[in-house]
Structure formats: structure tokens, C-alpha cells
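Just so you know, all these numbers are worked out from the coordinates, no wet-lab data involved. Please read all numbers here as calculations on a predicted model, not as lab measurements. Heads up, the Cβs are rebuilt from the backbone with ideal geometry, glycines too, and the neighbour counts pull from every protein chain shown.
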Amino acid sequence: MYEELYAPLPDRAAYLERIGLRDEPMPLNAETLHKLMYAHLTHVPFENLDVLEKHMTPDLGIEALFDKIVVRRRGGYCFEQNGLFAALMTALGYTVYPVVARILRPGMITAPAHRGTVVVLPEGEYYVDVGFGGPASAYPVPLNGEKTPDGFY
């Protein structure tokens with residue numbers, strides 16, 4: 001039932017090419033994770049048109065996300081982009097798990113309705129989010145409370 005949400009990435013090289021990188025050996029560390037995250041953020045736009053304008057229910061299976069974002073070169077919203085990015089991280093050898101987040105706004109309490117990803121590295125766990133449609137860190141955020149170079153915790 002949920003297998004398609006965690007299916008293997010169809011073509012790692014094509015995804016990396018989509019975000020402007022080559023498929024070559026990369027160390028599994030926070031620096032490489034930042035490089036991958038930054039590449040995705042600068043090549044794949046935030047897009048929620050299908051959901052908000054067309055009232056479509058998106059297919060969150062990896063094959064469908066790969067087709068939309070890599071093959072058809074479209075963008076996506078948090079569940080789409082972070083889902084596909086997690087599949088890339090897994091294909092590269094990272095240990096990842098999805099998390100649900102709550103977007104905090106002054107005076108509002110909202111339900112958890114945002115998807116992010118936690119990446120486990122030897123030096124610690126990092127929150128990674130390539131699908132937020134607003135100001136967010138362009139760096140993996142260490143979950144130990146350290147600030148990122150762009151000032152986010």
C-alpha cells in the first residue's frame with residue numbers, strides 16, 4: 001500500500017543532472033549534503049499549482065515524483081520535493097527518515113502538515129528541507145541546536 005512512497009529512485013544520474021550535478025562518488029557528510037541540498041533548491045522550484053489551483057490529489061509515489069520533477073522538469077511542494085529528495089539521499093547511501101513538521105506562524109496553531117527529512121550522519125542528525133515555500137535554511141540544520149551558516153537552527 002505504501003511501497004510506492006519508498007520505492008527506489010528510478011535513475012540517480014538523471015536526478016543529479018536535473019539539479020546540475022554529475023553522478024560521481026561523493027563522501028557522505030554534512031558538506032556534501034549541503035551541496036546536494038543547495039543544488040536542488042536552486043534548480044527545482046517550489047510549486048503547489050496542482051494542489052491549490054487544479055485541486056488535484058498528487059501522486060506521491062517515487063515513480064510519479066521522478067516523472068514530474070526530473071523528466072517533466074516541474075517543481076513541487078513539500079511532500080513531493082522532500083519525498084523525492086529523500087529517495088535520492090537513500091540512493092546515494094545516506095540513512096534518512098521522513099518527518100512531519102508544523103509551520104509556526106504568529107498567533108496561529110496549525111496542524112502538522114509539512115514534510116521534511118532527517119538525515120543521519122556519523123557527526124549527528126540533520127533536518128533537511130528542500131520543499132518549503134518560504135524563508136528556510138539552505139543548509140542541513142543540525143538537530144543538536146547549533147546554528148547553520150545562514151543563521152537558522
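Here are a few things to note about the model shown:
- Note that region 24-29 has calculated 3J(HN,Hα) couplings of 9, x, 9, x, 8, 8 Hz, one per residue in order, obtained from phi through the Karplus relation 6.51 cos²θ - 1.76 cosθ + 1.60 (θ = phi - 60°); glycine and proline are x.
- Rounded to the nearest 20 debye, dipole of the chain from Cβ charges on Lys, Arg, Asp, Glu: 360
- Under 21 Å from the Cα of Lys35 - lysines, other chains or at least 8 residues apart: Lys147
- Positive-end residue, the chain charge dipole about Cα centroid, Cβ charges, pick of Leu28, Leu92, Gln81: Gln81
- Nearest-20 debye value, region 1-71 charge dipole, Cβ charges on Lys, Arg, Asp, Glu: 260
- Relative contact order (percent, whole number), the chain, Cα cutoff 8 Å, 6+ residue spacing: 22
- Within region 20-34: backbone nitrogen closer than 19 Å to the Lys54 label point (7 Å, Cα to C-beta): none
- Every pair of different Cα atoms in region 45-153 enters the Kirkwood calculation, which places the hydrodynamic radius at 14.9 Å.
- Annotation: amide H of Val99 within the under-5 Å range of Gly116, Thr117, Val118, sequence separation 5 or more or interchain, hydrogens built in the peptide plane.
- Sum of side-chain charges, Tyr77 neighbourhood, beta-carbon under 14 Å (Lys, Arg +1; Asp, Glu -1): -2
- For region 1-61, convex hull of alpha carbons as volume per residue, Å³: 119
- The H on the amide N of Arg74, modeled in the peptide plane, is under 5 Å from the matching H of Ile69, each at least 5 residues off or on a different chain.
- In summary, the convex hull built on the alpha carbon positions of region 11-96 has an orientation-averaged projected area of 5.3 nm².
- Share of alpha-carbon pairs per 5 Å distance bin for region 102-144, given as whole %: 5, 20, 25, 23, 16, 8, 2, 1
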